[in-house]
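Asker: Below: one structure in structure tokens.
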Amino acid sequence: MKVAFLGTGLMGGLMVQRLLEKGFDVTVYNRTASKADSLKSKGAVVVSKSSDAIASCDVTIVMVADFNAVSAVLFNEEVSFKNKTVIQMSTIGPSESQTVQKRVEQSGGEYLEAPVLGGVAQIPVGQLIPMVGGTAEQFNKWKKFLENFAESVYYIGPVGKAASAKLACNQLIATMVSSFAMSLGMFNRKVLTLKRL
């Protein structure tokens with residue numbers, strides 16, 4: 001299977017390396033071309049247009065910053081998605097993911113979302129947590145492929161549900177960090193002050 005990978009930033013670059021290590025044929029595109037150069041020596045094909053990557057591969061993974069970036073790499077040129085699959089792994093909103101789904105499917109392609117929990121430390125050891133939004137059939141079809149990044153892959157429901165779950169998890173993490181920071185501040189002000197006395 002030939003894989004196109006759009007977005008080779010901190011997460012994307014390491015995910016490409018993971019696929020190369022697993023023996024996949026990977027073609028990469030990044031809007032800042034220099035960020036993809038280091039992947040050439042690791043075996044990736046680097047192209048200057050996202051449309052070239054999409055056209056030459058069976059499945060396209062998108063891992064970029066936001067919805068605007070997703071739209072830019074997928075739809076900035078005339079691209080046919082006929083008989084191709086797009087797996088959108090960036091963190092975007094549920095309605096945004098459904099918008100991308102509609103455009104891909106109108107062009108004859110297949111679309112599913114698979115945003116991930118985890119960071120750069122989890123990628124080399126295959127411990128990301130992909131959450132899949134799509135049909136049950138799509139989940140069963142692509143689960144084994146997504147396991148190249150993860151020990152467990154979770155089916156959440158139709159497109160939009162996994163995007164919602166990812167945003168909810170991000171909000172939970174942000175709330176926990178804020179609460180911890182508040183508690184630590186109170187501890188420093190109250191408890192350590194008393195101890196000094």
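The values are calculated or read from the model by the stated rules, or taken from the named source; none is laboratory data. In this text, all values refer to a predicted model and were calculated from it rather than measured experimentally. Don't worry about glycine lacking a Cβ; one is built from the backbone with ideal geometry, like all the others, and counts go over all protein chains shown.
Asker: Anything in region 2-38 that is part of a loop (DSSP other than H, G, I, E, B) and either surrounded by 14 or more Cβ atoms within 10 Å (Cβ to Cβ) or on the phi < 0 side of the Ramachandran plot (or both)? List them, or say none.
Answerer: Gly7, Thr8, Gly9, Lys22, Phe24, Asn30, Arg31, Thr32
Asker: Taking Val104, is it assigned to a helix (DSSP H, G or I) and surrounded by 15 or more Cβ atoms within 10 Å (Cβ to Cβ)?
Answerer: It is true that Val104 is assigned to a helix (DSSP H, G or I) and surrounded by 15 or more Cβ atoms within 10 Å (Cβ to Cβ).
Asker: Give the residues of region 72-90 that are of a type outside the set (A, V, I, L, M, F, W, C) and crowded, with 17+ Cβ neighbours inside 10 Å, sorted by residue number.
Answerer: Lys84, Thr85, Gln88, Ser90
Asker: Something else now. Give the residue, chosen from Val59, Val64, that is β-branched (Val, Ile, Thr), crowded, with 22+ Cβ neighbours inside 10 Å, at pLDDT 95 or above and under 21 Å from Gly133 (Cα atoms).
Answerer: Only one candidate passes the filter, namely Val64.
Asker: Let me ask something else about it. Looking only at region 39-74, which residues are in contact (Cβ under 8 Å) with a residue 24 or more places away in the chain, assigned to a helix (DSSP H, G or I) and under 19 Å from the mean Cα position of the chain (by Cα)?
Answerer: Leu39, Ser50, Ser51, Ala53, Ile54, Phe67, Ala69, Val70, Ser71, Ala72, Val73, Leu74
Asker: For region 144-156, state whether one or more residues are crowded, with 21+ Cβ neighbours inside 10 Å and in a helix (DSSP H, G or I).
Answerer: Looking for residues that are crowded, with 21+ Cβ neighbours inside 10 Å and in a helix (DSSP H, G or I), one finds at least one in region 144-156, hence yes.
Asker: Looking at (1) surrounded by fewer than 23 Cβ atoms within 10 Å (Cβ to Cβ); (2) touching a Lys or Arg at 6+ places or on another chain (Cβ under 9 Å), can you tell me which one Ser50 breaks?
Answerer: Failing condition for Ser50: (1).
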